[in-house]
Every structure is written in C-alpha cells, then in structure tokens.
C-alpha cells in the first residue's frame, strides 16, 4: 500500500510515528504536488490540501482508493471524476473549532476590556484606570450556526456562565446551547444578544442574510463578530450599523473584500476591529490533521470501526 | 434597626429592593462618610469601603453591632476599637474573582494571539496573516495561590483544557487544580508552566518570593502574569528575565511602584505589558457587594444560617 502526501513541511516526529505504526505501508512525504506527481500513478492513498487536485491527476492516479483532504473547504475538488471512480474522500472538518473558539472569546474580551485604549495608554506611559471595562461573564451569546465551530464557542461561553442561543436552518437542539432557533425566527434571538457571533458558511441562504433591520434589532451595546464568511452582510450595512450606534462594536475576521485594501473605510472605523482572516490559523493545524488521518488510517487498515469525516463526492460535503 | 450606608451612588433598584425586603429596617443611603456621620450615632449596621472608619467614628457609633466592609482589603480598619466592642465585621472577600479571572484569561489570549501586532497592522491598513499566534488551549497553567481568585482562574483554564498546578502555603488540594504544591517545592511546578499566574497577597512569605533563579527555571516561552501584589518580585529581576529571554512575556497589573511613573523602564519593554492595576475593577462591583450584604442581612435578621465572610477583628482577616 502506497501513501503519498503532498503536504509540505510535515514534522519529522509525525513521519516517524506513522511509519512506525503502519509498517506495511510505504509513505512518500513530498514537498508539494509537483514532487508528489512522480508517485501519484501508484498511490493508494493521497494526502492533499485539496487545491491541487485536477481531473487529470485523478485520471493519472489509477490506483487511488482514498483521498484525505487536509482542509475543511473543498471548493476546488474535481468531485465528478472522484464520484465516477468511487474514490473515498475524507477531510478535517472541525479542525478549526479550537482556534476559532479562542479567537472569538479573545476578541470579545479585547473589545469588552478596552484593550486598544489600554495598549495606547501603555505606549504613552499613561496610568489611567478610568476606561470602563465590561465583563463578558454572564452575558447572552447568540451564535449564527450550531455546527462544530459554534458548539466549541458555546462550550467556552458556558464556562463564562453565558446564556447561549444558537441559530440554524433546522433549529435542532445541539450541545452547549440553552436555546436554538431556526433561521425563520432568528430575529427573536438577535434582540437578546450581548454578543452576536457568526460562523456560517457561504450558501444561498446565508449570502446577505443580515440586513439593516437585523442590526436595528440588536442591543445598542451588542458586539457583533463575524468569522464565517464575509458575504453574510454587506459592508455598507455594517458601516451604517456602527455609525448609527445600533451596536457597540463589530469584529470582522472576514469581509466582502479580502484582502481588505489599504484605504478601505472599514480599517479606520473606530467601532470596527479588523483581523486578516486568521481566526482558524493554528500552529497545531498540521499535527491535528495528521492525528485525524492516523485514526482514519487505522480504521482503513484494520477494517474495523468507522472512518471520520467522510464526504459524499456527489454532494461535495 | 438603622442601617447606614456610606457607599456612594447606590443604584435605585438596589435601594428599593432592600427597603422592600427588610421593611422593619430604616435605611440611610448616604453619599460618603461626611453625610453618613450625621446618622452614625444611631446606626446598628454600617456599610463602608473601610477606608473612612476612624477610631473616633467607632466610638461615636455607640449602637453599632455590625460593619459590612464593601471591600476585600481592610488595611485601614481600626480593629483594636472594633475588637474591644466585639462588633461583627464582614467583607466582600472573593468579589474580585470573576473580573480578575477574566483579566487573566484575556491577557494570556492577548499575548498569545499577538493582539498588539494585529492592532498595529490594523492602524496601518496592513493585511498580514503571518504573525505567529499560539493557542492557550491545552497548555499548563501554574497559579501562585489557590484562593478564591486563583480557583476562578483555574476553573476557566480547565474550560480551555489546561493542566492546572496550584501553589500555596499548605499545598492542600483545592477545586479546579490538577496538582497542588507547597511554597517549599514550587520550583517543580514553575518549570512546567506555559502560563505562570500570580494572585498572591503581600505577606512576609511572598515579598520578593520570586528570585532570578525562578525565572531561569521557567520555560523560555512562558508568559508570566502578576495581578496579586507588586512586591512579589523586584522590578530589576523582571526586567532581566525578559531581557535575557528567560521567559517570553510578562503581564503586570501590579508592580513595585504604583502608579508607574512616565519614563519608567517597564513601560517601554517590548516583552512586558503593563495595565494600571485594574484587574479587579468591574461595573458589577456594587451590585455584587450588595447581594452579599443582602444575604448576610437575611441571616442577621432571621437568626438562621451562617453569615458569609466574617472577619476576626483580633487577627484582621
């Protein structure tokens, strides 16, 4: 069995652990797709970030039985060719939950505790205890999404003794949520939130889901945070909401235009904080992805148990 | 029964709630001690921040049976006079736990996630995803103290899936700590910490407890945070520790000299973050203090149950 990886810079200890544990397999750890191309024709299993797989490569990899996508987004996967050959696909769905939940809590604390002002005071050698800090503990958090990432945020929010309201298509109950709402009646939830955290993918239903009237429904001192997709809300709707003081602050890790160009109005708006789409970045990404792969490989080799995060190539998720 | 309060700006809803619940009591809500002085001679119960009580005032308050100190520090209380008259004293010990725990988590996230750099990038309209962020989840936290504040920090740390090591005089086991150490063997704990959080009071044993060798024991990428008392460590010891890269960063809410004067070396040290002794400040302080008072008053009036946070005037704590 030949396992070909196109993942760059795999740490040595991970390679050794895999080779030690799966002695019957031959591993080819390649530095990117060009190097991996050489081994693709014989590969049984291929590890990729999913952006480099073309229909040609799928045809060339005639032994291929399983593609492990070390990413959660799979927009560029040639699913038609994969489905025809009935190749198994798994991904690392959920891997962003931990860093993104830390991001959300971190940014809500940063805004609530006036970090920008305190850092400015430090720079100016100013000892001033008057900036009014609020606590996040005991507040109400509304999460747009009840998926893996939103659940991890809600779990931390519960540790801060918050009330957690989740919004999803089905409104089905999910762990760590005190209440759940469907997208059809989510206005009820919005008006209760001290913190509105969006972690939605971009779909037909979510594009421009948030309209001016939704921000008008929110509390005046609510903090809105978007770390899902930028097309959830139009830039002008956001700018108007903070300029009209409909909300206290907006934290945006994603926006309609990325990278946000220098000079864009969002950068300088005092009640908006911009981060460059980094909520999911983690130094633990590659180790965590390989842990998922390793567990799946054990199932694949032993034939017992269920593989995690399998994807239906016909549906693409 | 006459209840005199010297606490300024008590919210109206708190006054109404107390008067509604304890109809046999006469409440005098005064704006500070000067106004309260008028009623002190008849007071059965006196509410104070504890800084304005002189021996003369204790003598004047000849009916006084109970002093509720709406503060945790009681350095200026005339305990001799209070002990002579056998006046009951209670305080709001533990009230700082929630804001201080939020402060600690907030600052550890701020440093780990490079907030200063990201805020600077935002100011310069720079879209740059390369600043290396680390996660706090899964790390090891060493807490100097296992008291109420430290326990609340440890509780949140457990939600971030950290290992929590506590250091106290006795080394006794406490909730939310995976391991506890005595001050005599705390070096063992120090060397394991990704985060070293100090929340110790100033006592004979804690003054200059942390010496240069302790910082040398710490991990090179450890973050040290002090929100207890500034005399835990000499300023020069701290400056040397960060300048010699013995630790990654120091977060100081307390220091030897407060307020820290402009021009002091601590302000400009890149690997030190200064906040102006505000970790315990909370907009919920007064409501929380009155909630504690209210529960104690219920016990006092009904004669059933135990009062919380009673102080032995002979020992002062």
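Quick notes
- Over the protein assembly as shown: helical MRE at 222 nm, DSSP H runs n ≥ 4 each giving -39500 (n - 2.57), nearest 500: -9500 deg cm²/dmol
- Using distinct alpha-carbon pairs, which all enter the 1/r mean, Kirkwood radius of the protein assembly as shown in Å: 27.7
- Using only the C-alpha atoms, the convex hull of the range B:235-317 corresponds to 169 Å³ per residue.
- When residue A:12 is represented by a point 7 angstrom out along its Cα-to-C-beta vector, the spacings to that point in the other copies are 7.2 nm, nearest first.
- Fewest-first ranking of B:119, B:136, using other Cβ atoms within 10 Å as the exposure measure: B:119, B:136
- Legend: mean number of C-beta atoms from other chains within 10 angstrom of residue C-beta atoms, peptide B:94-101, equals 2.
- Computed Rg/Rh of the range A:97-274, alpha carbon atoms with Kirkwood Rh: 0.96
- Where chain A is rotated onto chain B, the residue of A whose Cβ comes nearest the axis, and that gap in whole Å, is A:159, 2.
- Put the Cα centre of the range A:66-119 next to the Cα centre of the range B:73-132 and the gap is 32 Å.
- Remark: A:218, A:107, A:141 ranked as A:218, A:107, A:141, counting other beta-carbon atoms within 10 Å and listing the fewest first.
- Across the range A:60-145, Cα-Cα pairs farther apart than 16 Å form 71% of the total.
- A point 7 Å from Cα along Cα→Cβ stands in for residue B:286, and the other copies hold the same point at 5.6 nm, listed in rising order.
- Ascending distances from the residue A:124 label point to its copies in the other chains, with the point 7 Å along the Cα-to-beta-carbon line: 2.2 nm.
- Counting every other Cβ atom within 10 Å of each residue's Cβ, B:236, B:178, B:253, B:86 order from fewest to most as B:86, B:236, B:178, B:253.
- Look at where the Cα atoms of the range A:232-258 and of the range B:261-317 average out, and the two centres are 37 Å apart.
- Taken over the range A:9-72, the convex hull of the Cα atoms encloses 96 Å³ per residue.
- Every Cα-Cα pair in chain B was counted, and those over 31 Å apart are 41% of them.
Just so you know, all these numbers are worked out from the coordinates, no wet-lab data involved. None of the values given here were measured: they were computed from a predicted structure. Virtual Cβ from ideal backbone geometry, glycine too; neighbours counted across all protein chains shown.
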